[in-house]
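Asks: Dropping the structure in here first, questions after.
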Amino acid sequence: MADDELDIKLRSSAEVATRCIILAALLRRLLIESIGSMNQTDDSDGEIFDIRHWLIAEGVWGKSTPHEAVIFSTPFGDLSKVEIAFISSQAEGLATLSWSLSLSEELSPDNHDDLKPVFNMIPSPWDKTSAWVLRAHLRDEDQLARERERVEIHEWRIRAESLYRAASGRERAELAATIARVAAEADSAGLIEIDSDRGRSIGAAPFGTQSNEQLDQLGSFAQHRLRALNWVCGFGNSWNEVPLDV
């Protein structure tokens, strides 16, 4: 479905900015876990306390999901591998939301974006958050819709490549034709730049040079970005309930 057919209702700049604060706080919680494990004299539980009570004091706590609230309340050293993986996965969401607020210039189609520059722009304990949230300003709807469509095509192309590699015979030929057609249409629309040979490259790196593991990683990045953009565009009931296909 083309974006001009979607019923986009952008979330408010304040809502997106508040979600950035929460995601950055989650990643700070993970950083405490990582650094504290190497420095047993560090006051890790005190830092975790600071994050939680800062969010409460700033009125941000109520915007976190129940799962996030549990993570913020988990003592140092008690995060499970599943929780650590969950927090790590939020980095792409933060990169995407930061871009939507113009805290970064662009989203790389191929690489995990360096979050340090935007991370330092987002309030941390015990910064005041209200003025920062009020200053936040979303990019315009056309720009957000176009980026959402670009990321959607990129995510689809990665999935299609995985299917292509597993296919053979007529199925592979049909997939190749579909990939080439979609890639050409996206190229014509100015959404992506491709090489020939069934759109073998979207972005800098040709798909043929990617291992299956690298392709899976790229697919994960693309999915998290697409969910974040779908959320900004008003799809899904909450941050944890955002569909990939809209």
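The values are calculated or read from the model by the stated rules, or taken from the named source; none is laboratory data. Small disclaimer: the values here were computed from a predicted structure and weren't measured. Heads up, the Cβs are rebuilt from the backbone with ideal geometry, glycines too, and the neighbour counts pull from every protein chain shown.
Asks: When only residues in the stretch 75-102 that are assigned to a loop (DSSP other than H, G, I, E, B) and either assigned by TED's automatic domain parsing to the domain that holds Phe221 or in contact (Cβ under 8 Å) with a residue 40 or more places away in the chain (or both) count, which is farthest from Leu138 (Cα to Cα)? First the steps, then the outcome.
Replies: Initially, the stretch 75-102 is screened for residues assigned to a loop (DSSP other than H, G, I, E, B), giving 75-80, 101-102.
Next, from what is left, pick out any that are either assigned by TED's automatic domain parsing to the domain that holds Phe221 or in contact (Cβ under 8 Å) with a residue 40 or more places away in the chain (or both): 76-77, 79, 101.
Numbers: Phe76: 35, Gly77: 37, Leu79: 33, Leu101: 5 Å.
If we take residues in the stretch 75-102 being assigned to a loop (DSSP other than H, G, I, E, B) and either assigned by TED's automatic domain parsing to the domain that holds Phe221 or in contact (Cβ under 8 Å) with a residue 40 or more places away in the chain (or both), then Gly77 is farthest from Leu138 (Cα to Cα).
Asks: Please find, among Ser37, Ser102, Ser98, Ser64, the residue that is modelled with pLDDT under 95 and surrounded by 12 or more Cβ atoms within 10 Å (Cβ to Cβ).
Replies: Ser37
Asks: Out of all the residues in the stretch 66-86, is one or more within 15 Å of the chain's Cα centre (by Cα) and of a type in the set (A, V, I, L, M)?
Replies: For the stretch 66-86, residues within 15 Å of the chain's Cα centre (by Cα) and of a type in the set (A, V, I, L, M): present.
Asks: Pick out the one residue from Leu23, Leu31, Leu55 that is of a type in the set (A, V, I, L, M), at pLDDT 95 or above and either over 30 Å from Arg146 (Cβ atoms) or surrounded by fewer than 13 Cβ atoms within 10 Å (Cβ to Cβ) (or both).
Replies: Numbers: Leu23 fails: either over 30 Å from Arg146 (Cβ atoms) or surrounded by fewer than 13 Cβ atoms within 10 Å (Cβ to Cβ) (or both); Leu31 fails: at pLDDT 95 or above.
Going through Leu23, Leu31, Leu55 in turn, the sole match is Leu55.
Asks: Just to check your reading of the model, which residue among Asp187, Asp127 is assigned by TED's automatic domain parsing to the domain that holds Trp54 and charged (D, E, K, R)? Before the answer, list the steps.
Replies: Details: Asp187 fails: assigned by TED's automatic domain parsing to the domain that holds Trp54.
Of Asp187, Asp127, the one residue that is assigned by TED's automatic domain parsing to the domain that holds Trp54 and charged (D, E, K, R) is Asp127.
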